[in-house]
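Q: I am attaching a structure below and will ask some questions about it afterwards.
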Amino acid sequence: AKVRHHKWAVEYLFWSPDCVEHVVMGINGQFPGPTIRATAGDTIVVELTNKLNTEGVVIHWHGIRQLGTPWADGTASISQCAINPGDTFIYRFKVDRPGTYFYHGHYGMQRSAGLYGSLIVDLAEGKKEPFHYDGELNLLLSDWWHQSVHEQEVGLSSNPFRWINESQSLLINGRGQYNCSLAAKYSNSSSVPECKLRGSEQCAPQILHVERNKTYRLRIASTTALASLNLAIGGHKLVVVEADGNYVQPFAVDDMDIYSGESYSVLLRTDQDPTKNYWLSVGVRGREPKTPQGLTILNYKPTSASHLPPIPPPVTPRWNDTDHSKAFTNKTRALMGSPKPPTTSHRRIVLLNTQNKFDGFTKWAINNVSLVLPSTPYLGSMKLGLKGTYNHASPPEKYDESYDVMNPPVNPNANQGNGVYVFDLNSTVDVILQNANTLTTGVSEIHPWHLHGHDFWVLGYGDGKFKEADVKKFNLKNPPLKNTAVIFPYGWTALRFVADNPGVWAFHCHIEPHLHMGMGVVFAEGVKKVGRIPSSALACGLTARMVAN
Ligand SMILES: O=C1O[C@H]([C@@H](O)CO)C(O)=C1O
């Protein structure tokens, strides 16, 4: 096993992700940040210097469990203090399992500002993937706004509330086209002109070059702020083989959904006419798509990449065709031989997701509590037994049974809080995520929930209110292991995990403005067993005083 050392500077850059120049949060002069590549068992060291001048920063390694290093999880107010301007923090952690991952900012809305990149862990030497492939292509998907993240944040926390609305563009590896379209000539209604790109522009699509009759592994991760996406490649099938770093029973689809926080590997067989090129398209699901598709080209060598595909890009399924999304999601099953969940759990918590008001401000709340992070990070507070840094009462384990999930809340007023769900170390926990109607009649939204520090088994999805009888329908045979799972509109999702990783862990909606509006909870287990926390992670709030003494 190797130690892979990286020296990074986070800074604002002028950049044109979608051919319009704005400011992005980049790393070492690059947007997206550099790809980290490692082998399972390696140790990754990132020496991160904050060159933002007027704001703190942290980076979360999404999908890496941080076994034994909970202080390296990169969540401001939870695992560490934000790194101050000019300071350097050293992230040091082991990548114990192969898979497709990514990293991103986890302070304020810095992910929306562009602070992200890919993290790919190869199999340890001598080990074999359960599938064959000849080549690899990497796609990191995101959405992009022209309004600055600071303006977005202020709008979300203003009264009256100002929603960020839909993004201006979708980016594939940080590249999209706003004022023009690669596929303008196929569109009869489009008012945008054909893009005239030379290929060297920051917004020029990254062409996917392939050879005929080969199998490619596409590694796809979504770090969108808001959008749920659907990806398709004209004329080609996609065979899904990995989800969130875990192997799945392979299944073939014409198009696939990917929610923010998810990652997949799909196999692509280049078995089509090699004298042509093909569109790869990415479109918005679950919200009325006011954002044009993200596009790039699958180019068969030696055909010229400038030959536009003869047929229009794949049409994204209708945004509100939830059955299509459910059909895809329900196909995901763990690969035979994968670890199975314990057959029973020690504790079940039910988390109602609602949009609420607090003092006139629009919020999201979980069991009527909207999360406000404390100024002293939990990990240090809890390890050192500090009092008064967060709500010590246990947050609610369920919601009022009479609550009508099909209608807007009768009493829309939520509380604010920052209590912790503390689990017995090594206990098995079930979480039922219960969706509901927003403040608007007839609206329930998609929320992809991401758990830090663990994978969970997805035991099932259902419509309406979760009932005790639904337990009988749990899939205990081959539930997929994931770190992010969606709740569908007006539905529930059941998860099971083993609380075996001493630390304090965020569990939240991966839609960044929703988390900003309070849509998250905090889990903890075995904190007394956590090793020595580096003092650089404790340099704020009440823990700073302990370090000073
Ligand atoms: O949090 C949100 O707020 C808006 C809308 O509900 C109110 O404008 C929206 O679509 C969200 O996802």
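Q: Among the candidates P160, P130, which residue alone is at negative phi and either touching a Leu at 6+ places or on another chain (Cβ under 7 Å) or touching a residue at least 60 places away in the same chain (Cβ under 8 Å) (or both)? Talk me through it step by step, then tell me what you get.
A: Working: P160 fails: either touching a Leu at 6+ places or on another chain (Cβ under 7 Å) or touching a residue at least 60 places away in the same chain (Cβ under 8 Å) (or both).
Just one listed residue meets the conditions, P130.
Q: Tally time: how many residues in region 504-532 are more than 16 Å from the ligand (Cβ to nearest atom) and in a helix (DSSP H, G or I)? Quick ask: steps written out before the conclusion?
A: Keep residues of region 504-532 that are more than 16 Å from the ligand (Cβ to nearest atom), which gives 504-507, 521-532.
Add one more test, that the residue is in a helix (DSSP H, G or I), and what stays is 527-529.
Within region 504-532, residues that are more than 16 Å from the ligand (Cβ to nearest atom) and in a helix (DSSP H, G or I) number 3.
For every residue, the table says whether it meets (1) among the basic types (K, R); (2) touching a Cys at 6+ places or on another chain (Cβ under 6 Å); (3) modelled with pLDDT under 95; (4) within 16 Å of the ligand (Cβ to nearest atom).
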| site | (1), (2), (3), (4) |
| --- | --- |
| K214 | yes, no, no, no |
| A221 | no, no, no, no |
| A225 | no, no, no, yes |
| D244 | no, no, no, no |
| V253 | no, no, no, no |
| S260 | no, no, no, yes |
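Q: If you don't mind, there's one more thing I want to ask. For region 474-486, check the following and say yes or no: at least one residue is farther than 21 Å from F423 by Cα, within 16 Å of the ligand (Cβ to nearest atom) and touching a residue at least 12 places away in the same chain (Cβ under 8 Å). Let's see the steps before the verdict.
A: Of all residues in region 474-486, those farther than 21 Å from F423 by Cα come to 474-480, 486.
From what is left, the residues that are within 16 Å of the ligand (Cβ to nearest atom) are 486.
Now drop any that are not touching a residue at least 12 places away in the same chain (Cβ under 8 Å), which leaves 486.
Checked against the condition, which is being farther than 21 Å from F423 by Cα, within 16 Å of the ligand (Cβ to nearest atom) and touching a residue at least 12 places away in the same chain (Cβ under 8 Å), region 474-486 yields at least one hit.
Q: Just to verify a result, which residue in region 416-457, among those that are over 29 Å from L476 (Cα atoms) and in a strand (DSSP E or B), is nearest to the ligand (Cβ to nearest atom)?
A: Q416
Q: Another question about this same structure. When region 14-41 is examined, which residues are found to be buried (at least 16 other Cβ atoms within 10 Å of the Cβ) and part of a strand (DSSP E or B)?
A: Of everything in region 14-41, those that are buried (at least 16 other Cβ atoms within 10 Å of the Cβ) and part of a strand (DSSP E or B) turn out to be W15, H22, V24, M25, G26, I27, I36, A38, T39.
Q: For residues in region 5-62 being charged (D, E, K, R) and in contact with a strand residue (DSSP E or B) (Cβ under 7 Å, 6 or more places away or on another chain), which is nearest to S169 (Cα to Cα)?
A: To start, the set of residues in region 5-62 that are charged (D, E, K, R) comprises 7, 11, 18, 21, 37, 42, 47, 51, 55.
Still in the list and also in contact with a strand residue (DSSP E or B) (Cβ under 7 Å, 6 or more places away or on another chain): 7, 11, 18, 21, 37, 42, 47, 51.
Numbers: K7: 31, E11: 22, D18: 7, E21: 13, R37: 28, D42: 36, E47: 32, K51: 27 Å.
Only one residue fits best here, namely D18.
Q: Right, next: Going through region 259-284 one residue at a time, which ones are of a type in the set (S, T, N, Q) and more than 25 Å from Y247 (Cα to Cα)? Working first, answer last.
A: In the first step, residues of region 259-284 are kept if they are of a type in the set (S, T, N, Q); the result is 260, 263, 265, 270, 272, 275, 277, 281.
Result: Q272, T275, N277.
Q: Here's a follow-up. Pick out the one residue from I78, I44, I59 that is over 27 Å from V420 (Cβ atoms), crowded, with 20+ Cβ neighbours inside 10 Å and not aromatic (F, W, Y). Let's see the steps before the verdict.
A: Details: I78 fails: over 27 Å from V420 (Cβ atoms); I59 fails: over 27 Å from V420 (Cβ atoms).
The conditions single out I44.
Q: Please work out if V248 is closer than 30 Å to S112 by Cα, within 22 Å of the chain's Cα centre (by Cα) and of a type in the set (A, V, I, L, M). I'd like the intermediate steps shown before the answer.
A: On the way: closer than 30 Å to S112 by Cα: yes; within 22 Å of the chain's Cα centre (by Cα): yes; of a type in the set (A, V, I, L, M): yes.
So V248 passes the test.
Q: When the residues of region 248-270 are narrowed to those that are β-branched (V, I, T) and closer than 17 Å to L481 by Cα, which ends up surrounded by the fewest Cβ atoms within 10 Å (Cβ to Cβ)? Show your work before the answer.
A: Within region 248-270, the first condition is being β-branched (V, I, T), and the residues that meet it are 248, 253, 258, 266, 270.
Now narrow it down to the ones that are closer than 17 Å to L481 by Cα: 248, 258, 266.
Details: V248: 22, I258: 26, V266: 27.
Within region 248-270, the match that is surrounded by the fewest Cβ atoms within 10 Å (Cβ to Cβ) is V248.
Q: While we're looking at this one, here's another question. Taking the residues in region 352-381 that are closer than 30 Å to V530 by Cα and assigned to a strand (DSSP E or B) as candidates, determine which candidate is farthest from the ligand (Cβ to nearest atom). Let's see the steps before the verdict.
A: Of the residues in region 352-381, the ones closer than 30 Å to V530 by Cα are 365-367, 369-381.
Pick out the ones that are also assigned to a strand (DSSP E or B) and you get 365-366, 369-371.
On the way: A365: 12, I366: 14, V369: 17, S370: 12, L371: 14 Å.
Checking each candidate, the answer is V369.
Q: Would you be able to say whether some residue in region 276-298 is in contact (Cβ under 8 Å) with a residue 24 or more places away in the chain, away from the ligand (no atom under 16 Å from the Cβ) and surrounded by fewer than 17 Cβ atoms within 10 Å (Cβ to Cβ)? So that I can check it myself, show each step before the final result.
A: Applying the first criterion (in contact (Cβ under 8 Å) with a residue 24 or more places away in the chain) to region 276-298 yields 276-298.
Those left that are additionally away from the ligand (no atom under 16 Å from the Cβ): 276-283, 292-298.
Going one step further and asking which of them are surrounded by fewer than 17 Cβ atoms within 10 Å (Cβ to Cβ), we end up with none.
No: region 276-298 contains no residue that is in contact (Cβ under 8 Å) with a residue 24 or more places away in the chain, away from the ligand (no atom under 16 Å from the Cβ) and surrounded by fewer than 17 Cβ atoms within 10 Å (Cβ to Cβ).
Q: Let me ask you something else. Please find, within region 497-538, the residue that is nearest to L335 (Cα to Cα) out of those that are buried (at least 23 other Cβ atoms within 10 Å of the Cβ) and among the charged types (D, E, K, R).
A: E525
Q: If the Cβ limit is 6 Å and pairs must be 6+ apart or interchain, which residue in region 498-517 that is within 29 Å of G531 (Cα to Cα) pairs with which residue that is among the polar types (S, T, N, Q) and within 13 Å of the ligand (Cβ to nearest atom)?
A: H510/S260
Q: What are the residues in region 99-120 that are assigned to a loop (DSSP other than H, G, I, E, B) and either surrounded by 24 or more Cβ atoms within 10 Å (Cβ to Cβ) or more than 18 Å from the chain's Cα centre (by Cα) (or both), if any?
A: To start, the set of residues in region 99-120 that are assigned to a loop (DSSP other than H, G, I, E, B) comprises 106-115.
Correct list: H106, Q110, R111, S112, A113, G114, L115.
Q: Then there's this: May I ask you to verify whether N483 is touching a strand residue (DSSP E or B) at 6+ places or on another chain (Cβ under 9 Å) and either charged (D, E, K, R) or more than 26 Å from T224 (Cα to Cα) (or both)?
A: Numbers: touching a strand residue (DSSP E or B) at 6+ places or on another chain (Cβ under 9 Å): yes; either charged (D, E, K, R) or more than 26 Å from T224 (Cα to Cα) (or both): no.
Here the answer is no, as N483 does not meet what is asked.
The values are calculated or read from the model by the stated rules, or taken from the named source; none is laboratory data. All of these numbers come straight from a predicted model, not from anything done at the bench. Don't worry about glycine lacking a Cβ; one is built from the backbone with ideal geometry, like all the others, and counts go over all protein chains shown.
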